Amino acid sequence: MATLTRPEEALSELLKESKGPPTIGRYEILGTLGRGNMGHVYRARDPMIGRLVALKTRRFDLVYEQKDLRYVISRFFEEARIAGNLIHPHIVTIYDVGQDGDYCYIAMELLEGQTLAAYNKENTLLPFNRVVSLIRQICLTLDFAHSHGVIHRDVKPANLMFTLDQTIKVTDFGIATMAQPEKTSEPQVLGTPSYMSPEQTKGLRLTNQTDFFSLGIVLFELLCGRRPFVGRTLYELLDNIRYASPPSILKFVPDLPHGLDEVLQRALEKEPEARYQTGKEFAEDLDRAMKGKRISDGDGKASKKVDLIKSVEFFRNFSRKEIETIVRHGTFIRYDRSQVIVREGDVDTTFFVLLNGRVRVIKNNARIADLTEGECFGEMGAFTQQPRSAHVVAKEPCIVLKLDLKIIEREDPDLKLKFYKIFIETLAARLNTATVQLSILKREVKARKEHSDT
């Protein structure tokens with residue numbers, strides 16, 4: 001039985017067999033730029049015109065079964081076709097595509113510089129105004145791609161090249177696809193987990209808005225050196241992307257323009273329709289934020305959220321101005337049935353108000369209570385900053401409003417006191433209910449005992 005050769009070993013053999021300078025296709029190999037699971041990216045030269053290129057190679061037959069090869073190779077060449085048709089100053093230029101034996105390759109513009117992955121750590125961050133300028137250019141570049149029916153699907157710092165002449169280039173449309181809503185059966189190809197959108201983690205059909213969610217994560221990371229969603233395991237990471245509220249960027253970098261936090265909160269909305277609909281809209285709000293101007297509310301979406309909150313009994317004594325503050329700093333999250341909303345043992349300063357649906361409070365695998373629209377939960381943990389004492393799980397699809405007491409206190413101390421008053425009233429009501437139920441239970445126990453004695 002033949003021993004399976006690794007891609008790098010097979011490619012080394014191919015280069016060794018070449019006479020004169022090692023070549024792939026007609027390209028002379030000058031050095032290695034990067035390595036991957038299925039091939040390398042080389043610094044190469046096109047001898048026909050003397051142009052230096054980046055040569056991206058893949059050998060799929062060593063990784064995929066024979067029955068999948070045709071599809072995989074066609075997707076590789078589709079990458080070249082898609083990217084080759086996107087002629088834009090901020091998209092890497094594709095020059096040529098071909099096949100040499102078992103190797104497929106793409107010859108593309110050779111970029112000198114570093115990817116934005118070199119600037120996403122706390123000690124390597126770029127000035128925030130430079131970051132915003134770069135992200136603004138990427139917004140407009142994605143807008144161009146979307147106008148040609150292309151969703152990138154893998155927007156991340158490693159695919160954003162910051163060149164020596166201070167230009168940003170979007171690279172690697174390797175998992176991009178032409179947006180074809182009618183082809184819902186097309187196999188889903190996932191991006192990089194840390195930068196996925198909620199719908200991407202669920203394998204749902206993607207829209208342009210998935211790129212804006214990923215770009216929101218990139219912006220957050222470049223501003224403070226950490227991502228908004230993390231997890232100890234892949235499952236926890238994906239669960240947080242789907243359901244956890246993004247933290248305020250001001251928690252990590254308080255001196256940033258407050259408008260940037262509003263931009264990020266919208267870009268990182270769980271529902272695609274609540275995010276930016278175009279890159280131009282995203283870029284315009286970045287401009288407003290940097291000038292200290294009011295951020296657009298997404299065609300009245302903020303007003304609709306205000307109206308939704310006002311209809312909930314919990315907020316009956318709040319003014320419209322107070323509710324607008326709550327909308328600005330709160331996060332609306334949709335949970336599916338059986339999704340965990342609060343985990344026992346967690347420690348943070350957030351609490352929740354149930355806007356619709358039902359949730360169940362569970363302790364030691366036993367039901368403590370079922371809560372319905374207008375009720376709050378998690379307030380004791382937020383108030384005391386002690387570990388959560390129970391799980392809260394969605395009993396049916398529901399929408400909750402998640403708020404952070406620290407942010408509310410910073411923005412409006414009087415509003416925080418108003419929440420405290422409601423918490424005390426809620427606690428008193430729950431204690432009274434528990435007292436009544438305990439009294440009824442005692443009477444029932446006494447009655448059963450008297451009955452058994454007779």
Can you tell me which condition GLU281 does not meet? The list is (1) buried (at least 17 other Cβ atoms within 10 Å of the Cβ); (2) in a helix (DSSP H, G or I); (3) within 19 Å of the chain's Cα centre (by Cα); (4) in contact (Cβ under 8 Å) with a residue 40 or more places away in the chain, and all the others hold.
(4)
Which of the residues that make up region 216-255 are under 16 Å from ILE135 (Cα atoms), more than 11 Å from the chain's Cα centre (by Cα) and outside any helix (DSSP H, G or I)?
GLY225
What pairs come up if the first residue lies in region 185-209 and is closer than 24 Å to THR141 by Cα and assigned to a loop (DSSP other than H, G, I, E, B), the second is β-branched (Val, Ile, Thr) and at pLDDT below 85, and their beta carbons are under 9 Å apart, counting only those six or more places apart or on different chains?
VAL189/ILE175; VAL189/THR177; LEU190/ILE175; GLY191/ILE175; ARG205/THR184; LEU206/THR177
Determine whether ALA267 is without any contact (Cβ under 8 Å) to a residue 60 or more places away in the chain, within 14 Å of CYS139 (Cβ to Cβ) and buried (at least 20 other Cβ atoms within 10 Å of the Cβ).
yes
I need the full set of residues from region 279-304 which are under 19 Å from THR210 (Cα atoms), at pLDDT 75 or above and not aromatic (Phe, Trp, Tyr), in order please.
GLY279, LYS280, GLU281, ALA283, GLU284, ASP285, LEU286
Going through region 411-454 one residue at a time, which ones are in contact with a helix residue (DSSP H, G or I) (Cβ under 8 Å, 6 or more places away or on another chain), assigned to a helix (DSSP H, G or I) and modelled with pLDDT of 75 or more?
GLU411, LEU415, LYS416, LYS418, PHE419, TYR420, ILE422, PHE423
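Select from region 33-57 the residues that are within 35 Å of the chain's Cα centre (by Cα), at pLDDT 90 or above and over 15 Å from ILE94 (Cβ atoms) and list them in ascending order.
Scanning region 33-57 gives TYR42, ARG43.
The values are calculated or read from the model by the stated rules, or taken from the named source; none is laboratory data. These numbers come from a predicted model, not from an experiment. Don't worry about glycine lacking a Cβ; one is built from the backbone with ideal geometry, like all the others, and counts go over all protein chains shown.
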